[in-house]
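Heads up: the structure comes next, in structure tokens.
The values are calculated or read from the model by the stated rules, or taken from the named source; none is laboratory data. A quick note: this is a predicted structure, and the numbers were derived from the prediction, not measured. In this analysis, Cβ positions are derived from the backbone assuming ideal geometry, glycine residues included, and neighbour counts consider all displayed protein chains. Keep in mind that these areas ignore ligands, DNA and RNA; they rest on the heavy atoms of the full protein, side chains included. Shrake-Rupley method; radii C 1.70, N 1.55, O 1.52, S 1.80 Å.
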Amino acid sequence: MSTKICLDSLPGKSSEENHVQYLPCSIEHNGDADVAKYFTKYVTEETVANEGDEEEEEEEEKVLHGVFRGYPLTGNVLPIPEGYTGVVLKETRPGLNSEEPRTLKAVCQFKKFTFWNWDRKPSRGDKYQQAMDWAEIADLIHDSNN
């Protein structure tokens, strides 16, 4: 199966208004959602000290707290690494079977997103945090100057 990604409709610049939220669940809804009215305004921010090695100074980190359908969420805002662009893709027409080609259309681009966990504070061990770290590692591996 092949997948075609269409970036033709993508605006030239990322908008600060495009704020993507990743929730650790599946929501059976494909339309617009008034996230600012029903979710974002109830999110609180807390500054916590990261306990590192004894030799290192404690760093402060901002942690977000929210609730979705009665379940507590703990989150963190992750920036997209320098030189990369976050893109939201939407399937234009799903194939009838797994062998049919798929077409994904760019809906918007973003510079940061909020990653939420149900059961733990966000950390370097989260898959999305590791993915953002991997972009930097890949740049170092493929840098022709080294």
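For this structure, a couple of remarks:
- Based on DSSP H segments of at least four residues, each scored -39500 (n - 2.57), the chain has a per-residue ellipticity at 222 nm of -4000 deg cm²/dmol.
- Highest-fluctuation residue, Glu82, Glu46, Glu99 considered, GNM on the chain with Cα pairs under 10 Å: Glu99
- Oblate is the label for segment 66-146. Its Cα gyration tensor axes, ordered a ≥ b ≥ c, give a/c of at least 1.5 and b/c at or above a/b.
- A Förster radius of 25 Å combined with the Cβ-Cβ distance from Glu82 to His19 puts the calculated FRET efficiency at roughly 0.85.
- Per-residue ³J(HN,Hα) for segment 34-41, Karplus 6.51 cos²θ - 1.76 cosθ + 1.60, θ = phi - 60°, Hz, x for Gly and Pro: 7, 4, 4, 7, 9, 10, 4, 6
- With R₀ fixed at 30 Å, the C-beta to C-beta distance from Ala36 to Arg93 puts the FRET efficiency at about 0.50.
- For the chain, convex hull of alpha carbons as volume per residue, Å³: 185
- Residues His65, His29, ordered by accessible area of protein heavy atoms at a 1.4 angstrom probe radius and largest first, appear as His29, His65.
- Among the listed pairs Lys90/Lys111; Lys90/Lys121; Lys62/Lys105; Lys41/Lys111, a Cα-Cα separation exceeding 25 Å is found for Lys90/Lys121; Lys62/Lys105.
- Carbon and sulfur %, accessible surface of the chain computed with the full protein complex present, 1.4 Å: 49
- In the context of the full set of protein chains, residues of the chain present 78 Å² of accessible surface per residue (probe radius 1.4 Å, heavy atoms only).
- DSSP-defined beta bridges in the chain - what % are antiparallel, rounded to 5: 75
- Using a probe of 1.4 Å, the accessible surface attributed to Tyr128 totals some 80 Å² when neighbouring protein chains are kept in position.
- For Thr85, solvent-accessible area (1.4 Å; no DNA, RNA or ligand), Å²: 80
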